[in-house]
1. Got a sec? Which of Tyr185, Tyr130, Tyr172 is modelled with pLDDT of 55 or more and within 23 Å of Thr109 (Cβ to Cβ)?
2. Restricting the search to the stretch 17-52, which residues are among the aliphatic types (A, V, I, L, M) and under 14 Å from Pro214 (Cβ atoms)?
3. Considering each of Glu98, Glu147, Glu103 in turn, give the residue that is farther than 24 Å from Val33 by Cβ, at pLDDT 75 or above, of a type outside the set (Gly, Ala, Ser) and surrounded by 15 or more Cβ atoms within 10 Å (Cβ to Cβ).
4. Out of all the residues in the stretch 26-62, which are more than 21 Å from Leu127 (Cβ to Cβ) and in contact with a strand residue (DSSP E or B) (Cβ under 7 Å, 6 or more places away or on another chain)?
5. Starting from the stretch 189-201, keep only residues that are at pLDDT 60 or above, then list their pairs with residues that are buried (at least 16 other Cβ atoms within 10 Å of the Cβ) and outside any loop (DSSP other than H, G, I, E, B) whose Cβ atoms are within a distance under 6 Å, requiring at least 6 positions of separation or different chains.
6. Considering only the stretch 20-35, state which residues are part of a helix (DSSP H, G or I) and of a type in the set (D, E, K, R).
7. Please find, among Gly44, Gly50, Gly67, the residue that is free of Cβ contacts under 8 Å to residues at least 24 places away in the same chain and either out of contact with any Lys or Arg (no Cβ under 6 Å at 6 or more places or on another chain) or among the charged types (D, E, K, R) (or both).
Amino acid sequence: MKELFKNALTCKVALAWLGMRSSEEAWHQCDRVDWMLSEMRQIGYKNEKGIRLFACMCVRQTPLGDGRVVWDLLDDVRSKKAVDVAEKFAHGIATSAELLAAECGAYSTQQAPIYTSPASLGRYANLVAYASAAAAAAASTYEIYAECAASWASAASARHPYSEDIVAMLAYWAATSRPSDTSAYSEAYLASEDSDASIAARKWQADKLREMVPWSEVKNLL
C-alpha cells in the first residue's frame, strides 16, 4: 500500500512537515494545495473537469482577507475571459484552440505592466500581477496548471512583509513564468509566506479541495 505524500514529496520543507503523520492525517491537515494536487496525480486521480473547475474557483473565490476575493483584483477583461473559457472547456463547450487563445491573452496581460517598469509598481499592482498569473494558469494546458493557479491566487492575498524591491521581483516572476516551470508555484508560496491573509487563503483552498475530493476517494487509490 502506498503512503500518501511520502512517495511524491522530496523537498525538505515538505518532508519535515510530513514527519510521522499517517496518510489520512496528512490529507486532513495539509494546507498546501500544490502538494495535495501533486500527490493526487501521483496516485492516479482522474477528474480533469473537477481539477480545472477547482483551479478556476481558486481565482474566483480565494479570499483576500479584507472582504474581497482574488477575482476583484483582475482589472483586465482578458484575465477574466481566461477563467470563463477555462470553465467552458471543463464543461466541454470550448475547444482546445479557444483555451490556448485565452491563456495567451491572459499571459500577455500579466506581462505588460511588469516589463514596462517592475520596480515602479506599487504593492496593489503587484497583487494584481499575482491574480493575473493565477488566471493565466487556470487556462493553461500544462500539467501543473492547477497548482500554479491556486498558489498565485493565495499570493494575491498577501500583505507582504518584504521590501518593495522584493515584492516587485516576485511579481516579475509571476509575469514571466508559465506553469510548465515546476518551481513557479514554489515562488508563489514564497510571495505569500508569513502573511496571515495568505495562510487563511491557503487553508480555504485546501478545505475546498477536501470537499471536492473526500478522503474515501483518495484512500481507494492508495
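The values are calculated or read from the model by the stated rules, or taken from the named source; none is laboratory data. None of the values given here were measured: they were computed from a predicted structure. Glycine also receives a Cβ, built like all others from the backbone with ideal geometry; neighbour counts cover every protein chain displayed.
1. Just one listed residue meets the conditions, Tyr130.
2. Answer for the stretch 17-52, where residues must be among the aliphatic types (A, V, I, L, M) and under 14 Å from Pro214 (Cβ atoms): Met36, Met40.
3. Of Glu98, Glu147, Glu103, the one residue that is farther than 24 Å from Val33 by Cβ, at pLDDT 75 or above, of a type outside the set (Gly, Ala, Ser) and surrounded by 15 or more Cβ atoms within 10 Å (Cβ to Cβ) is Glu98.
4. Within the stretch 26-62, no residue meets the criteria.
5. Sorted first by the residue in the stretch 189-201, then by its partner, the pairs are Ser198/Ser154; Ser198/Ser192; Ala201/Pro63; Ala201/Ser154.
6. Answer for the stretch 20-35, where residues must be part of a helix (DSSP H, G or I) and of a type in the set (D, E, K, R): Glu24, Glu25, Asp34.
7. So the residue among Gly44, Gly50, Gly67 that is free of Cβ contacts under 8 Å to residues at least 24 places away in the same chain and either out of contact with any Lys or Arg (no Cβ under 6 Å at 6 or more places or on another chain) or among the charged types (D, E, K, R) (or both) is Gly67.
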